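Okay, structure first, notes after.
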Amino acid sequence: MSSFTPTDHTLMAQALRLAERGLFTTQPNPRVGCVIAHGDTVVGEGFHPRAGEPHAEVFALRAAGERARGATAYVTLEPCAHHGRTPPCADALVAAGVARVVVAAEDPFPQVAGRGIGKLRDAGIAVELGLIREAARELNVGFFSRIERGRPWVRVKLAMSLDGRTALANGASKWITGEAARADVQRWRARSSAILAGSGTVLADDPRLTARIGAPFAPPLRVVLDRSLRTPAGSHVLDGSAPTLLLHAEGAVVPAHLQNVDLAPVPAADGGLDLSAALALLAARGCNEVHVEAGPTLCGALLAAGLADELLLYVAPMLLGDSARPLLHLPTLQDMGARWNLRVQDQRMLGQDLRLRLRPARD
Ligand SMILES: NC(=O)c1ccc[n+]([C@@H]2O[C@H](COP(=O)([O-])OP(=O)(O)OC[C@H]3O[C@@H](n4cnc5c(N)ncnc54)[C@H](OP(=O)(O)O)[C@@H]3O)[C@@H](O)[C@H]2O)c1
């Protein structure tokens, strides 16, 4: 039986809403919120706005001042125990004299993992764990993925007609979805650490791979899988408007126009670059969520390799016919037992388009 009261639930939900205010800006750090209260009277609240700035607990403690003494602190992620760019939050909570700390999710970061909670308990503070844990982890799905699995959370965006086509046979695809769906895509891009495409998309469409939303955000890294460095001079991804990284095969010849571009070699695998190695490289660079906007080749390869964690699928109410281009290139299956089963995470109408968020069914 849970020992959490309705007030605990309400105030942790409030801390989560605060954490969400960092959705577009905290990268590579997690989104964290904190509420400090006596009973249901809130005396301080805060959230982590961006890396290098104080953590949520510091803002909440500042707002609470002396009123933090004897209070309960609700934190969506275990308070840190190490000296990073800011001093340990666990120490600050102890110094402020809070009596109880409720934590939604434990921090898997090796320098914290359990130590923040240990520090608080050693100081005689009552610590309770796991209130609204799933939602707190979901908000930082990429951060947890990077720390726990050593790779980012991979979200593959696809837009298709009702008959599962993404472009006409001649390549024309502007636009399959309507304005509301396209604005929604911008928000998913903006919350991501990186936007990933294959060289096929860069050569065919010359995309910008940037985000455009009416709020501040940390510009995602533009990443192109480009084995033999075919990205042409003058491509939008080379325009300097956001950072760009080209991943290429070892030994690829670097053309003159790419001499000053951020390049990194990745081992080769069947049909392209080793996708697991590419993702590990992005994790090492601090990427939490990777938003994939690629063609059927790379999107299919990610799904087939079990590396697509989520599909963001926009379905437009139109038919393009069977000569139009397919959604994904996937290996031919011989029996239904080998099919890719997906689970619908949520569904939503955006204007006339349906958005499905799907995840691989693990069972
Ligand atoms: N409807 C949509 O949402 C949407 C979005 C994006 C693109 N598109 C369409 O997709 C078409 C391009 O399709 P595409 O399939 O050629 O593009 P793609 O999937 O973006 O790029 C494929 C290329 O990525 C490189 N790559 C490197 N490692 C790979 C690996 N392990 N697995 C797979 N690919 C790897 C390969 O080129 P190298 O050998 O050069 O490395 C490969 O040919 C365009 O017509 C574009 O309009 C549609």
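The values are calculated or read from the model by the stated rules, or taken from the named source; none is laboratory data. What you are looking at is a predicted structure, and each value in this text was computed from that prediction instead of being measured. Glycine gets a Cβ as well: all are built from the backbone with ideal geometry, and neighbour counts include every protein chain shown.
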*Could you run through the stretch 311-345 and say how many residues are surrounded by 13 or more Cβ atoms within 10 Å (Cβ to Cβ), among the aliphatic types (A, V, I, L, M) and more than 26 Å from N29 (Cα to Cα)?*
10
*Applying the selection to the stretch 123-167, what residues are part of a strand (DSSP E or B) and either more than 16 Å from the ligand (Cβ to nearest atom) or among the polar types (S, T, N, Q) (or both)?*
A126, V127, E128, L129, W153, S161, T166
*Name the strands (runs of 3 or more DSSP E) wholly within the stretch 270-363 that hold at least 2 residues that are of a type in the set (A, V, I, L, M, F, W, C) and touching a residue at least 40 places away in the same chain (Cβ under 8 Å)?*
289-292, 310-316, 353-360
*Any chance you could count how many residues in the stretch 219-259 are over 25 Å from A280 (Cβ atoms) and polar (S, T, N, Q)?*
3
*asked:* Which condition from (1) in contact (Cβ under 8 Å) with a residue 60 or more places away in the chain; (2) within 14 Å of the ligand (Cβ to nearest atom); (3) within 20 Å of P152 (Cα to Cα); (4) not in a loop (DSSP other than H, G, I, E, B) is the one that A264 breaks?
replied: (1)
*Evaluate the following for A308: is it over 26 Å from the mean Cα position of the chain (by Cα) and either more than 8 Å from the ligand (Cβ to nearest atom) or surrounded by 15 or more Cβ atoms within 10 Å (Cβ to Cβ) (or both)?*
no
_Criterion first (within 8 Å of the ligand (Cβ to nearest atom), buried (at least 19 other Cβ atoms within 10 Å of the Cβ) and either of a type in the set (G, A, S) or under 17 Å from S228 (Cβ atoms) (or both)) does A278 satisfy it?_
yes
*Which one of the conditions (1) crowded, with 19+ Cβ neighbours inside 10 Å; (2) modelled with pLDDT of 95 or more; (3) hydrophobic (A, V, I, L, M, F, W, C) does C80 fail to meet, given that it meets all the rest?*
(2)
*Count - residues of the stretch 111-135 that are under 20 Å from T86 (Cβ atoms), surrounded by 21 or more Cβ atoms within 10 Å (Cβ to Cβ) and under 26 Å from the mean Cα position of the chain (by Cα)*: 3
*Could you tell me whether the stretch 116-133 includes any residue that is modelled with pLDDT under 95 and within 27 Å of L307 (Cβ to Cβ)?*
no
*Within the stretch 8-47, count every residue that is out of contact with any Lys or Arg (no Cβ under 7 Å at 6 or more places or on another chain), within 15 Å of A136 (Cβ to Cβ) and part of a loop (DSSP other than H, G, I, E, B).*
5
*So, in the stretch 206-215, of the ones that are touching a residue at least 24 places away in the same chain (Cβ under 8 Å) and surrounded by fewer than 17 Cβ atoms within 10 Å (Cβ to Cβ), which residue ends up farthest from the chain's Cα centre (by Cα)?*
D206
